[in-house]
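Please read the structure below before turning to the comments.
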Amino acid sequence: RKEVEQDPGPFNVPEGATVAFNCTYSNSASQSFFWYRQDCRKEPKLLMSVYSSGNEDGRFTAQLNRASQYISLLIRDSKLSDSATYLCVVTLSGSARQLTFGSGTQLTVLP
Amino acid sequence: ETGVTQTPRHLVMGMTNKKSLKCEQHLGHNAMYWYKQSAKKPLELMFVYSLEERVENNSVPSRFSPECPNSSHLFLHLHTLQPEDSALYLCASSSNTGTAEQFFGPGTRLTVL
């Protein structure tokens, strides 16, 4: 079983749509959670951290369910510039520097 | 810009060659990382250096040899690689506190013939 599992997609959505990505992690000792974004042929960049209470940053909302070991990312009012691969990332307790990445979910927002 | 640079951006080498990848960070961080990204696979952490000491090494073959001469520079020395080592090699840096954000360089696209 993969440590961090994501639906690879691709998700093709029209501009303005709402899209949700899911991620599950296998290690219950996972401590910190993030979504990174990777544009085509570019490096990954932090999109947002994910907190137990859920958090929002503009059109982006992240949720964490520790009991189900499940993380989600919701993008509202999709823009063309949101097209990218979204990477679910976790760290283990006591190993804050070791990021474990999912394979990513590819999103294309269509005009 | 992330403030993490990598050279070269592209490298083609034969299996008998020796080459080195270079990473430099201008962010004042004191932890640096090497990752491997292969097609359709998640990023794999290879090495972690904190305060110039290697703190994690995820069972990487000895044909990959990291070097961290100071907190701003990180090298990955390559020798007798295999074609399956062809991948994007990404360097990252972070501060040494808690679960600090990692900033990635643009990567070196390596092809082993």
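The values are calculated or read from the model by the stated rules, or taken from the named source; none is laboratory data. Quick caveat, the model's predicted, so the values are computed rather than measured. Virtual Cβ from ideal backbone geometry, glycine too; neighbours counted across all protein chains shown.
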- Could you count how many residues in the range A:55-73 are assigned to a strand (DSSP E or B) and out of contact with any Phe, Trp or Tyr (no Cβ under 7 Å at 6 or more places or on another chain)? 8
- Message: Would you confirm, using the coordinates I've provided, whether B:Leu90 is over 20 Å from B:Arg9 (Cβ atoms), part of a strand (DSSP E or B) and not β-branched (Val, Ile, Thr)?
- Response: no
- Output the number of residues of the range B:13-24 satisfying the condition of being assigned to a strand (DSSP E or B) and either surrounded by 13 or more Cβ atoms within 10 Å (Cβ to Cβ) or without any contact (Cβ under 8 Å) to a residue 60 or more places away in the chain (or both). 7
- Item | Odd one out for A:Thr105, checked against (1) at positive phi; (2) within 10 Å of the chain's Cα centre (by Cα); (3) polar (S, T, N, Q) | (1)
- Query: Residues in the range A:95-110: is at least one surrounded by 15 or more Cβ atoms within 10 Å (Cβ to Cβ), within 14 Å of chain B (Cβ to nearest Cβ) and more than 23 Å from B:Ser94 (Cα to Cα)?
  - Reply: yes
- Task: Kindly check whether there is at least one residue in the range B:13-23 that is farther than 19 Å from B:Gln82 by Cα and away from every other protein chain (no Cβ under 11 Å).
- Result: yes
- Please work out which residue is modelled with the highest pLDDT, limiting yourself to the range B:53-67 and to residues that are under 14 Å from the mean Cα position of the chain (by Cα) and within 14 Å of another protein chain (Cβ to nearest Cβ). B:Val60
- Output for the range B:43-54, where each listed residue is part of a strand (DSSP E or B) and surrounded by 14 or more Cβ atoms within 10 Å (Cβ to Cβ): B:Glu44, B:Leu45, B:Met46, B:Phe47, B:Val48, B:Tyr49, B:Ser50
- Task: Return the only residue of B:Leu81, B:Leu27 being part of a loop (DSSP other than H, G, I, E, B), away from chain A (no Cβ under 14 Å) and in contact with a strand residue (DSSP E or B) (Cβ under 8 Å, 6 or more places away or on another chain).
- Result: B:Leu81
- Item | Given (1) in contact with a strand residue (DSSP E or B) (Cβ under 6 Å, 6 or more places away or on another chain); (2) farther than 23 Å from A:Leu92 by Cα; (3) assigned to a loop (DSSP other than H, G, I, E, B), index of the condition B:Ala39 fails | (1)
- Query: Since B:Val112 meets every condition but one in (1) touching a Leu at 6+ places or on another chain (Cβ under 6 Å); (2) within 21 Å of A:Pro44 (Cβ to Cβ); (3) away from chain A (no Cβ under 14 Å); (4) not small (Gly, Ala, Ser), which condition does it not meet?
  - Reply: (2)
- Item | Out of A:Leu64, A:Leu74, A:Leu92, sole residue that is under 14 Å from the mean Cα position of the chain (by Cα) and closer than 29 Å to B:Phe47 by Cα | A:Leu64
- Task: Would you please name the residue that is surrounded by the fewest Cβ atoms within 10 Å (Cβ to Cβ), looking only at residues in the range A:50-66 that are touching a Gly at 6+ places or on another chain (Cβ under 9 Å) and closer than 20 Å to A:Ser28 by Cβ?
- Result: A:Gln63
- Query: Residues A:Leu74, A:Leu47: which one is within 14 Å of another protein chain (Cβ to nearest Cβ), out of contact with any helix residue (DSSP H, G or I) (no Cβ under 7 Å at 6 or more places or on another chain), surrounded by fewer than 21 Cβ atoms within 10 Å (Cβ to Cβ) and at pLDDT 95 or above?
  - Reply: A:Leu47
